[in-house]
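Here is the structure we will look at.
The values are calculated or read from the model by the stated rules, or taken from the named source; none is laboratory data. Computed from a predicted structure; not experimentally measured. Just so you know, the surface numbers come from the protein's heavy atoms only, side chains and all, with ligands and any DNA or RNA stripped out. Shrake-Rupley method; radii C 1.70, N 1.55, O 1.52, S 1.80 Å.
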Amino acid sequence: SPDRIDEVRQAVIEACINASEHSRAVDRTVYVTIQIVGEGKEPEKLRIMVRDNGVGFSTDDLEEEPAGEGLRPLKKRRWGLRLIRGMMDEMEIHSGTQGTTVVMSKMLR
């Protein structure tokens with residue numbers, strides 16, 4: 001549907017912006033790989049990987065924080081990753097001293 005296509009587009013744009021702005025890499029090159037997963041005429045999902053060559057970051061505190069009356073507001077940091085998680089069906093982050101890869105998928109069926 002057009003809405004699902006828009007979600008994928010926005011998630012990829014957000015991941016690329018994050019990779020470029022926050023990687024702290026000397027070379028700000030961002031690599032995007034697109035895969036169609038599944039066999040036969042009806043693929044199962046679209047998988048997109050966005051990778052940088054930056055310094056990496058800790059993924060320990062990526063869980064969503066509660067927000068609401070009487071609770072502290074969400075932190076502004078890592079908001080883009082939360083947006084990606086909300087727009088895609090699956091998201092994984094692999095990060096270390098050689099860079100970060102965000103793997104996101106959208107189911108096609």
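Brief remarks follow.
- The order of Leu108, Leu83 by accessible area, most exposed first and with a 1.4 Å probe, is Leu108, Leu83.
- Using a probe of 1.4 Å, the accessible surface attributed to Asp60 totals some 140 Å² when neighbouring protein chains are kept in position.
- In this structure segment 1-56 gives 68 Å² per residue of accessible area when probed at 1.4 Å with all protein chains present.
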